[in-house]
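The next block holds one structure in the form of structure tokens; read it before the comments.
The values are calculated or read from the model by the stated rules, or taken from the named source; none is laboratory data. Keep in mind the model is a prediction, meaning the values are calculated, not measured. Using ideal geometry, Cβ is built from the backbone for each residue, glycine included, and neighbour counts are taken over all protein chains shown. SASA here: full protein model, heavy atoms, side chains in, ligands and nucleic acids out. Shrake-Rupley method; radii C 1.70, N 1.55, O 1.52, S 1.80 Å.
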Amino acid sequence: MPILTGTASWTDPTLLACGRFYPPDVRTPEARLRYYASQFPLVEVDATYYRVPDGRTAHAWATRTPDDFVFHAKAFRLFTGHPAPVRDLPADIQRELDAPATVFYHQLPAELQRELWQRFLVGLEPLRMAGKLRAIHFQFAPWVQRNPRGVALLRECERHMQEHLMAVEFRHRSWFENSSASAWTLDLLRDAGMAHTVVDAPQGFDNTVPAVWASTHPELAVLRLHGRNAAAWDNSSGASSGRFQYEYSPEELADLAQRLKRLAEQVRSAHAVLNTNYQDQGMRNAAGLAAALRIHQ
């Protein structure tokens, strides 16, 4: 059961600015992705969270990476309960809307909801056709709770994701607040054919969940690591830039590697995505986890 490690971005502005990961002559988008793919076998695309993907871009990603390289694509934010600025929607859809500057999914007419789903999936089709789109990652908003409304949103996503593997990450503690809630949530994901995402993040906040080391899909287990910067996690200023600044210690990585190896025994493959995107921390953490996995083989 292969275990792949990678990061949640390869073009974060702080990564490019620090100058420590990419060689000096690696300056173009093509060169950066090619270099990244020479170092890691997996990446999560975060651009698809902010805007509906363009098929030409997805085709470029597919052609610039090795045959065995795989992608996770983050689901467009409207689908996961987050708001989106109208200016970030496709231009023709913007013209159809009589809406404030920011909208939620439920505020869109049903025909525009369907159109956004279609364009999102068509935009990723080149990756899927190349066999490189391993999962679409749904990071639900912190206010999406384990209640009828939250389950309805999950089912709405399921309805559109019949041909894709859906990895689910919750951000509200109600989904795993005790053993009965955890069992209920895992059963829900298992019955819906969705892959549970194990989350490593600071604890003690309403907008985070404990690390529940369980699988719900035979093909894939996902571990997503946000670091353990508790002091910055719930920053009242609303700034999230410091939230994901964290470098895992060798001891923490060794513990994570052992847990991930046990989880990987239950599935065909396991993926670990480092979301510690400040400067080159994600790359260092991902490389460190990969080394810990080799040591504990």
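Its relative contact order, with pairs defined as Cα atoms under 8 Å and 6+ residues apart, puts the chain at 22 percent.
3J(HN,Hα) along region 109-120: x, 4, 5, 6, 4, 4, 5, 5, 4, 4, 5, 4 Hz, from the Karplus curve 6.51 cos²θ - 1.76 cosθ + 1.60 with θ = phi - 60°, whole Hz, x for Gly and Pro.
Report the extension gain between residue 181 and residue 91 in nm, rounded to one decimal, defined as 0.36 nm multiplied by the number of residues separating them, less their alpha carbon distance.
Residue separation times 0.36 nm, minus the Cα-Cα distance, leaves 28.2 nm.
Over the chain, accessible surface divided per residue gives 45 Å², non-protein components excluded, 1.4 Å probe. Segment residue 269..residue 64, full-extension length gain: 71.5 nm, with 0.36 nm per residue of separation and the alpha-carbon distance subtracted.
Would you mind classifying region 42-173 by shape? Square roots of the alpha carbon gyration tensor eigenvalues, ordered a ≥ b ≥ c; an a/c under 1.5 is rounded, otherwise it is prolate if a/b is larger than b/c and oblate if not. Here region 42-173 falls in the oblate category.
What the Cβ-Cβ distance of residue 155 and residue 258 gives, at R0 = 30 Å and to the nearest 0.05, is a FRET efficiency of 0.25. Computed from phi, the 3J(HN,Hα) profile of region 15-30 under the Karplus parametrisation 6.51, -1.76, 1.60 (θ = phi - 60°) reads 5, 5, 5, 6, x, 9, 9, 7, x, x, 8, 9, 10, 9, x, 5 Hz, with x in place of Gly and Pro. Between residue 35 and residue 114, the simple spin-label model (points 7 angstrom out along Cα→Cβ) gives 4.6 nm.
Mean projected area of the convex hull spanned by the Cα atoms of region 54-115, taken over all viewing directions: 5.1 nm². Expressed as a whole number of Å, what is the distance separating the alpha-carbon centroids of region 125-192 and region 18-58? That distance is 26 Å. Per-residue Karplus couplings for region 71-84, computed as 6.51 cos²θ - 1.76 cosθ + 1.60 with θ equal to phi - 60°, are listed in order as 10, 10, 10, 6, 5, 4, 4, 4, 6, 10, x, 8, x, 9 Hz, Gly and Pro entered as x. For region 244-297, what does the alpha-carbon gyration tensor say about shape, rounded, prolate or oblate, given a ≥ b ≥ c as the root eigenvalues, a/c under 1.5 as rounded, and a/b over b/c as prolate? Prolate, since a/c reaches 1.5 and a/b exceeds b/c.
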